[in-house]
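Single-structure report; data block below.
The values are calculated or read from the model by the stated rules, or taken from the named source; none is laboratory data. This is a predicted model, so every value here is computed, not measured. All Cβ positions, even for glycine, are placed from backbone atoms using ideal geometry, and neighbour counts span all protein chains on display. Ligands, DNA and RNA are excluded from the accessible area calculation, which covers all protein heavy atoms including side chains. Shrake-Rupley method; radii C 1.70, N 1.55, O 1.52, S 1.80 Å.
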Amino acid sequence: MSFDGDPTGSGAKPSRWRLNISGRWPGKRPLVDSSRLAFLRTLAKYLVRDIVWLGAVGVCASTLGLASVFLYLNPQIPTTETYRHYRFETPLRIFTADGALVAEFGNRLIPIDFDDVPKDFVNALLNTEDKRFYDHAGIDLISLANDVVDLFLSDVRTGASTVTMQLAKQVSFGPEQLMIRKLKEMLLALKIERELTKDEILELYVNIMAFGKQAYGVQAAAHTYYGRPVEELNLAQLAMLAGIIKKPTAGNPINGPEWALDRRNLVLRRMRSQDSIDETAYQEAVASPITAAVHQRGIDLPAPYPAEWVRQQLIERYGTDIYTGFVVHTTLDSKRQAVAQRALRNGVLDYDIRHGFRGPEGRLALDALTVGEGGTLDASAVGEALDAFGTSGGLEPAVVVQIGERRIEVMRVNGEIVGIDWDGLRWAPYLDTDRRGPTPQRAAEIVSRGDVIRVLLDQEGAWRLRQLPEVQAALVALDPRTGAIEALVGGWDFQATQFNHALQAARQPGSGFKPFVYSAALANGVTPSSMFLNAPLVFEDDNLEMVYRPRNDSGEFSGPMRLREALAQSINMVSMRVMTSVGADPVLDHVGNFGFETANLPNDVQLAIGGGTMLFTPLDMARAYAVFANGGFLIEPNIISRVERLDGSLVFEGRHPEACEPCVAPDDESPAPLSARRVIDEANAFIMDTLLRDVITHPRGTGRRARELDRPDLAGKTGTTDQSTDTWFNGYHPSLATTVWVGFSDHRPTGEGEYGSRTPLTIWMDFIRVALAEEPVVERPIPDGVVRVKVNKATGRVARPDDANALFEYFLGESLPERAPGDAGGEERTRVRPEDIF
């Protein structure tokens with residue numbers, strides 16, 4: 001073995017020397033003796049063998065480990081075909097008929113070809129996120145090594161994620177254990193790099209990365225923050241977008257302008273240091289102010305209940321294709337939808353106030369939420385704690401921080417402290433559905449410091465104590481001529497419960513079902529002036545341990561009365577006698593014409609009062625009442641008018657049967673509408689309409705409060721089930737049929753004094769007052785087959801010309817009233833005989 005140098009370290013001129021086998025330098029004495037040399041040789045031999053063995057073991061173990069990781073993780077990651085054929089999702093957007101945006105499902109994304117992406121943005125992205133992008137195969141080993149060193153030597157963690165790894169994470173992996181996810185990203189990044197070109201990877205990346213404000217992809221981000229396509233942005237704006245990717249929610253220029261500005265300038269420094277821009281461009285860009293603003297169109301009218309119904313219908317028909325940019329035009333009327341939501345909210349709150357304060361929603365330990373020695377409340381910490389309660393139906397959470405004699409102060413989520421005076425504070429405490437406690441005299445009897453309550457700012461600018469209602473309500477309003485849904489509210493708050501009571505809450509209709517029984521009676525010879533006895537009934541059933549004794553809600557019995565008056569006052573005894581006089585089978589056959597499923601309906605007297613096994617949704621009831629409103633046609637409720645793609649191409653256009661006979665085309669270019677099926681005679685529908693108008697206009701009608709609307713073209717019927725478990729008002733105008741339901745989701749009674757004529761009617765009136773404000777009064781013409789006859793009020797028979805106790809009544813041509821017996825007036829003429837009354 002030969003070496004060049006000076007083995008003695010003397011500094012003499014180097015000469016060639018050789019270490020001989022004896023361990024001597026040429027011309028020198030032995031360095032070590034032979035025995036020591038033999039030991040060293042043996043030791044070196046074993047060390048070399050052990051090192052080689054350990055190296056081989058290490059290589060094998062590493063290989064086995066990597067193979068095990070690959071075999072374990074490989075089935076859990078998607079194939080690269082997922083990326084090669086990636087489908088860009090754009091939101092499903094839902095509009096009202098008059099163009100108001102009510103919902104958006106999915107993220108905003110506007111695809112862009114890589115060739116159209118500005119070079120400055122690509123440089124900004126790569127200079128900041130992955131400067132060796134074109135040099136690695138998916139994993140940047142240099143950055144990875146630096147990250148490992150930083151992990152052991154400091155708390156700084158940069159992530160070492162390449163663009164390809166970030167792409168893998170964005171598309172395929174959600175939040176999970178960091179190490180496992182990182183390994184998956186690395187493995188998938190290697191796969192992607194083998195299958196896609198660098199430009200294809202970048203094109204996918206710039207199209208799907210999150211930029212905040214629900215914008216995904218650089219083109220959507222450009223429109224969201226700057227209102228222009230990305231090709232028109234300047235260097236400073238492009239650098240800003242590139243910087244958002246790091247923290248899209250908290251770090252965008254709207255939510256975190258200071259962080260976003262610092263990040264933008266960092267991106268510009270990286271671009272300058274890597275010569276992507278010159279000094280002049282850098283100085284100009286770094287001096288530019290933030291010019292970003294939210295340019296995206298917000299939701300004009302949040303209407304989650306009907307929007308979700310629309311989405312479900314589209315999913316059933318088109319699957320996930322709906323998230324490729326479908327634009328849906330519904331039949332909703334924005335004005336009517338807005339007032340429906342407001343009327344329902346106010347009605348539910350009024351009910352809740354009547355039934356008392358149930359106490360605070362929660363408590364905060366305020367002493368633990370202070371800063372400084374003075375015990376000042378930390379508004380940020382309090383706000384964060386309150387934020388967990390969320391806002392529901394416009395009721396925001398607040399915590400009581402100060403209590404006076406008859407006033408309290410509360411802190412809101414935003415840290416503002418506001419006062420609630422006694423007028424907005426005094427609530428009788430809730431004991432149960434029917435009982436309230438004594439009226440409080442001091443604020444301390446109502447709340448304590450630290451209590452979390454709900455507050456509401458009223459129209460006069462005063463804050464009021466409120467609570468989250470437990471009662472629910474629903475409203476459906478549709479055009480009786482076409483079935484088009486114009487307003488729909490499925491509950492108090494969609495965020496609290498997605499259960500749509502308008503479509504899914506099948507409940508007993510109570511007296512709201514009586515009109516369909518009366519319509520069956522008219523079809524079977526009964527007239528509005530037919531006399532029936534309002535007196536107790538007793539039903540015996542061998543299967544029951546006791547007899548059934550139904551009663552009227554009032555508990556009173558008034559004797560003989562005409563059918564018209566009985567319906568207006570919702571007399572149960574008369575309804576039962578009407579049903580038994582006609583028979584259950586004819587009634588069941590007839591009510592099926594209104595769209596009701598009759599298989600599970602009772603065939604006893606419960607049919608007459610909407611009880612027993614019958615269960616219908618508010619939508620079912622609105623559809624059925626529309627038959628009376630449109631003159632006898634059964635329409636199909638519908639909410640989707642037209643579906644288009646982003647480019648305006650038509651996907652679907654609704655064509656539904658209409659209440660017309662015959663149906664005429666609106667113009668020369670449009671086809672005539674389909675004709676809905678006639679299910680009852682026009683004459684029957686007309687007479688029922690006059691009966692239902694009396695529910696409102698009669699001095700003792702159950703809907704008489706609606707007279708204050710001062711519209712003679714309104715009709716309807718209240719409905720209240722046993723123990724007021726379900727309360728209804730079903731009403732209509734010739735152009736709008738509306739049903740309101742109020743009750744508890746768990747079928748609890750709503751309480752004494754709660755009828756269809758209270759909360760449901762109030763909600764209906766508040767809605768109709770605005771919904772029909774511009775609609776003219778409609779006078780319904782008398783159809784063929786209807787005769788108008790003057791009858792005696794007391795007997796229902798044809799009145800004499802000089803009868804002062806007479807009124808005009810409508811009859812079917814084949815069911816005219818009887819004349820009074822005898823030729824002259826007197827007792828014989830006016831006396832009601834038992835055989836005249838069932």
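Brief remarks follow.
- Ordering 302, 324, 287 by the projection of their Cα atoms onto the charge dipole of the range 286-335, which places +1 on the Cβ of Lys and Arg and -1 on the Cβ of Asp and Glu, puts 287 at the extreme positive end.
- Taking the C-alpha atoms of the range 604-658, convex hull volume expressed per residue in Å³: 118 Å³
- 468, 125, 54, 619, reordered so the largest accessible area comes first (probe 1.4 Å): 54, 468, 619, 125
- One chain, two ends: residue 807 and residue 119. Fully extended at 0.36 nm per residue, the span grows by 239.0 nm beyond their Cα-Cα distance.
- Accessible surface calculations at 1.4 Å, restricted to protein heavy atoms, place the range 622-704 at 46 Å² per residue.
- Note on residue 367 and residue 524: their simple-model spin labels are 7.4 nm apart, each label 7 Å out from Cα toward Cβ.
- Of the accessible area of the range 549-688, computed with a 1.4 Å probe over protein heavy atoms only, carbon and sulfur atoms account for 44 percent.
- Only protein atoms count toward the accessible area here, which uses a 1.4 Å probe; on the range 193-270, the carbon and sulfur part of that area reaches 45 percent.
- Using the Karplus relation 6.51 cos²θ - 1.76 cosθ + 1.60 with θ = phi - 60°, the per-residue 3J(HN,Hα) values for the range 90-107 come to 10, x, 7, 10, 10, 10, 6, 5, 9, x, 7, 6, 9, 6, 9, 10, x, 9 Hz, with x marking Gly and Pro.
- Heavy-atom accessible surface of the range 349-402: percent carbon and sulfur, 1.4 Å: 47 percent
- What the range 312-431 shows is 47 Å² of accessible area per residue, with the surface traced by a 1.4 Å probe over protein heavy atoms.
- Ordering 497, 538, 473 by Cα displacement along the dipole of the range 468-584 toward the positive end leaves 538 in first place; charges were set at the Cβ atoms of Lys, Arg (+1) and Asp, Glu (-1).
- Taken over the Cα atoms of the range 349-405, the convex hull encloses 110 Å³ per residue.
- Put a plus charge on the Cβ of each Lys and Arg, a minus charge on the Cβ of each Asp and Glu, and nothing anywhere else: the dipole of the range 226-374 about its Cα centre is then about 420 debye.
- 5 angstrom amide H check on residue 616, placed H, neighbours 5+ away: 507, 508
- Net charge, residue 718 excluded, C-beta distance under 13 Å - Lys, Arg +1, Asp, Glu -1: +2
- Sparsely packed trypsin sites (Lys or Arg not before Pro) within the range 262-365, loop by DSSP, other Cβ within 10 Å at most 12: 297
- When all alpha carbon pairs of the range 403-452 are counted in 5 Å bins from zero, the resulting P(r) reads 5, 20, 26, 21, 15, 9, 4, 1 %.
- Applying D = kT/(6 pi eta Rh) to the range 727-814, where Rh is the Kirkwood radius over alpha-carbon pairs, T corresponds to 4 °C and eta to 1.567 mPa s, the Stokes-Einstein value obtained is 77 µm²/s.
- Dipole in debye (nearest 20) - the range 680-752, about Cα centre, beta carbon charges: Lys, Arg +1; Asp, Glu -1: 260 debye
- For residue 534, distant residues with modelled amide H under 5 Å away: 558, 559, 561
- Across the range 361-375, coupling constants 3J(HN,Hα) worked out from phi with the 6.51/-1.76/1.60 Karplus curve, θ = phi - 60°, read 7, x, 9, 10, 7, 5, 5, 8, 10, 10, 10, x, 6, x, x Hz, and Gly and Pro carry x.
- Computed P(r) (all Cα pairs; the range 522-615; 10 Å bins; percent): 15, 46, 33, 6
- Note that the range 437-477 presents 41 Å² accessible area per residue, ligands and nucleic acids not counted, probe 1.4 Å.
- In order along the range 597-604, phi translates into HN-Hα couplings of 7, 9, 4, 9, 7, x, 10, 10 Hz, rounded to whole numbers, per the Karplus curve 6.51 cos²θ - 1.76 cosθ + 1.60 with θ = phi - 60° and x for Gly and Pro.
- Computing FRET efficiency as 1/(1 + (r/R0)^6) for residue 773 and residue 540, where r is the C-beta to C-beta distance and R0 is 51 Å, gives about 0.45.
- Given charges at beta-carbon only (K, R positive; D, E negative), |dipole| of the range 677-811 in Debye: 340 debye
- For the range 290-398, convex hull volume per residue from C-alpha positions, Å³: 228 Å³
- Once the Cβ-Cβ distance of residue 291 and residue 650 is raised to the sixth power relative to R0 = 41 Å, the FRET efficiency obtained is 0.60.
- Working note: Cα gyration tensor of the range 650-770, eigenvalues times five, square-rooted, sorted largest first, giving semi-axes of 33, 19, 14 Å.
- Distance (nanometres) between label positions extended 7 Å along Cα→Cβ at residue 435 and residue 711: 4.2 nm
- For the range 269-325, the alpha-carbon radius of gyration amounts to 2.22 times the rule-of-thumb value 2.2 N^0.38 Å expected for a compact globular protein.
- Inter-site label distance for residue 549 and residue 603 at 7 Å from Cα along Cβ, in nm: 2.9 nm
- With a cut-off of 13 Å between beta carbons, the residues surrounding residue 406 carry a summed charge of -2, where Lys and Arg count +1 and Asp and Glu -1.
- With the whole protein complex present, residue 747 retains an accessible surface near 100 Å², based on a 1.4 Å probe.
- Over all pairs of different C-alpha atoms in the range 183-305, the reciprocal of the mean inverse distance, the Kirkwood hydrodynamic radius, equals 15.9 Å.
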